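Chemist: Sharing a structure with you now.
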Amino acid sequence: MSKAGILIVEDSFIVSYHLQKTLENEGYKVLTHVDTGEKGLEFLKTNKADLVLMDVMLNGEMDGIEAATIIKKKYDIPVVYITALSDKDTVFRAKITEPYGFLTKPFEDREICTTIEMAIYKHDIELRLKQSEDKYFSTVRSISDAVVTINGDFQITYMNPSAESVTGWVLGDALGLTIEKVLQLKDADTEQFNVNPVQCSLKSSRMNSMPDGLILRSRDNYLKPIGEGSMSPIIDKSGRFSGMVLVFKDISEKLAHDRLVKELDTQRLAGLLQGQERERSRIAKDLHDGLGQMLNAIKMHVNFIVKDKPGANDLNKLIDEAIIESVRISENLLPSKLKDFDLATCIRSLCKQLSISTHSRIYFQSLGRSTELEQSQKINFYRIAQEGINNAIKHANANTINVLLDEESHRIQLSIEDDGRGMNLNTVWYDHHAHHGLVNMRERIEIMGGKLTMESDPNRGTLIVAEAPLLHVKPHEQIIGSAKS
C-alpha cells in the first residue's frame, strides 16, 4: 500500500534533498520540491498532494505562513512547518493557520516520519468527522419537519431550513437568542402568549412531547398552528444535560384538511338525517291517510255486516284501538306539533305522552324565552330528547327523569337527568342498542355545531347535556302557531 504524496516547499536545496531522500526511504512519494510559496501554490493548481512540508522563511514575496493560509483555505491540505525560528511572534502567526505539526531545524529522520504520520492521521480523522457532520446536517436540512436545537442556557444553537420557514427567523439572526424570543407560542385555548414548551414538558407526564394546541407567531407576525412536536434532551459524555432538540410541524394545511373533511362528514350526516326524516314523514302520512282511513271505513261498515250487536261492539273497540295505535305510531314518526309549535311545547308534550304510556315520572322545565328555530334544529333537539328519555326508561330502569330546556339568545341547552342504574361510558359503545342511541344523539348535535356531554354514576344515574348555537328560523320556516310552555 503506497504512502502519501508530499510537496516540499523549502528554499534550501540541501534541506530539500535530505527531506526527499528520507521520505522516499520510508515509502512516501515526494511529488516535487520548490523554493517559493508562489511556486508551491502554482503546483497545487494542477496537482493533488496529501501533505505539504512548508519552510517558514522562503524566497519570493510571501513567506511560508502566508502560503499555508492560502493552501488551507483553497485546498484543505495539511501543512507541517519547517523552521529554525522559535520566536513568539512567528509561533503565534503559525498557530493561527492551524498547522498539523512543526519540524525545528535541525531535525532527525525519525522525527520527520513521526510528525508526518501524526499529521496525516489527524487530517484523516478530521476529514471523516467533517464528512459525518456534513452527512448529518444534510439530513437535518432536508427533512420537512422543523428542527431547533438549544444549549443548556436555552439559547438557539441551530435551526434547519424548515424551522427558518416556519418561524421566519434565519439561523444567523437566531443564534444565541433564547427559545422564547424565537418561538413565540400561544395556547389556542387560553389565547395567552409566552408559552414555554420546555416548562410545559417538565410539568407534563409526556416528557418528550411538546404541548398540543400551540400557535406560533412568526417573526413577520403570521400565526401558524404547530403540532406533532417532540423534545429530546442532549446529554454530554459526562451524562449532564447540555441542551435539547425540538422537532415540530406547521400543521396549518393538516387542520384545514381536517376541517374540510369534518364539514363534508357533517353535510353527509345532515343529508342522511334529513332523508330519515323525509322517510318518517312519508310513512307517517301513509299510516294516517292510508291505514287510518281504511280502519275508519271498516268501522263504518261493521254495523251493517255484523248483526250481533255485542260482537259488533267488540269489533268496534278493536278497530278503535288499532286506529289509536296507528295514530300513535304516526305521531311518533313525525309529530305534527313540530310544524305548529315551539320546541318547548313539543318536548313538554313528549314528556307527558311518555310519562302516561310508560308510567314513569318525567318532569319538564323550560327556561328562557321560546325562540323561532330553524326547523331542522327543532327536529334534532326533539329527537335527542326522545332518544335520551327512551334510553333512561328502557336501559337505565329510571324511575324519575328531569328534562330541562334552556333557550338563550345565542344558544340552546337540553339536559336529561335520570336516577337509573347508570352506565359505564367506557363500555357502553359495545351495547348495540345504547350505542346506536348515543351515536344518533351525538351525530345530531355535531351537525348543529354543538357538543354532547355525558356523566354517569351507578349510584346517581346519568346526565346528558346537549348544547348547540342557536340557528334562527329561515323566512320560509315561520312557525304557524306558538304555545308558551
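The values are calculated or read from the model by the stated rules, or taken from the named source; none is laboratory data. The structure displayed is predicted, hence computed values, not measured ones. Backbone-built Cβ (ideal geometry, glycine too); neighbour counts: all protein chains shown. Please note that ligands, DNA and RNA were not included when accessible areas were found on the heavy atoms of the full protein model with its side chains. Shrake-Rupley method; radii C 1.70, N 1.55, O 1.52, S 1.80 Å.
Chemist: So, counting K/R as plus one and D/E as minus one, what does the shell of residues with Cβ under 11 Å around ARG460 add up to?
Modeler: Values: positive: ARG421; negative: GLU417, ASP418, ASP419, GLU455, ASP457.
Combined, the nearby Lys, Arg, Asp and Glu give -4.
Chemist: Right, something else. State the extension gain, in nm to one decimal, for the chain segment bounded by LYS74 and THR139, taking 0.36 nm per residue of separation less the distance between their alpha-carbons. Mind showing how you got there, number by number?
Modeler: Details: separation 65, 0.36 × 65 = 23.40 nm, distance 2.58 nm.
That pair, LYS74 and THR139, stretches by 20.8 nm at full extension.
Chemist: Below 16 Å, Cα to Cα, which aspartates and glutamates can LYS181 reach? Residues fewer than 8 away in the same chain don't count.
Modeler: Output for LYS181: ASP153, GLU164, ASP173, ASP220.
Chemist: If R₀ is 45 angstrom, what is the calculated FRET efficiency for the pair SER238 and ASN440, using the beta carbon separation as r and rounding to 0.05? Let's see the in-between values first.
Modeler: Details: r = 61 Å, r/R0 = 1.36.
Result of the calculation: an efficiency of 0.15.
Chemist: Calculate what fraction, in whole %, of the accessible area of segment 1-103 sits on carbon and sulfur atoms when a 1.4 Å probe is rolled over the protein chains. Could the numbers behind the result be given before it?
Modeler: Numbers: 3030 of 5600 Å².
Ligands and nucleic acids excluded, carbon and sulfur reach 54 percent.
Chemist: Sticking with this one: Based on the Cβ-Cβ distance of LEU463 and GLU408, what FRET efficiency does E = 1/(1 + (r/R0)^6) give at R0 = 30 Å, to the nearest 0.05?
Modeler: Numbers: r = 20 Å, r/R0 = 0.65.
Efficiency at R0 = 30 Å is approximately 0.95.
Chemist: Modelled label-to-label distance, THR114 and ASP258, 7 Å Cα→beta-carbon offset: nm?
Modeler: 6.7 nm
Chemist: Then there is this: For segment 221-255 and segment 438-464, compute the distance between their C-alpha centroids and round to whole Å.
Modeler: Result: 37 Å between the Cα centres.
Chemist: Further question on the same structure: So, for segment 71-224, what is the accessible surface per residue at a probe of 1.4 Å, expressed in square angstrom?
Modeler: Details: 9440 Å² over 154 residues.
Value for segment 71-224: 61 Å² per residue.
Chemist: What FRET efficiency comes out for PHE154 versus GLN353 if R0 is 56 angstrom and r is the Cβ-Cβ distance? Round to the nearest 0.05.
Modeler: On the way: r = 66 Å, r/R0 = 1.18.
For R0 = 56 Å, the calculated efficiency reads 0.30.
Chemist: Another question, then. Compute the distance in nm between two label points, each set 7 Å from the Cα along the Cα-to-Cβ direction, one at GLU228 and one at ASP187.
Modeler: 2.6 nm
Chemist: What's the extension gain from LYS317 to TYR121 if we count 0.36 nm per residue and subtract their Cα-Cα distance?
Modeler: Details: separation 196, 0.36 × 196 = 70.56 nm, distance 11.08 nm.
Length gained, LYS317 through TYR121: 59.5 nm.
Chemist: Mind jotting down the distance between the C-alpha centroids of segment 330-403 and segment 156-190, whole Å?
Modeler: 54 Å
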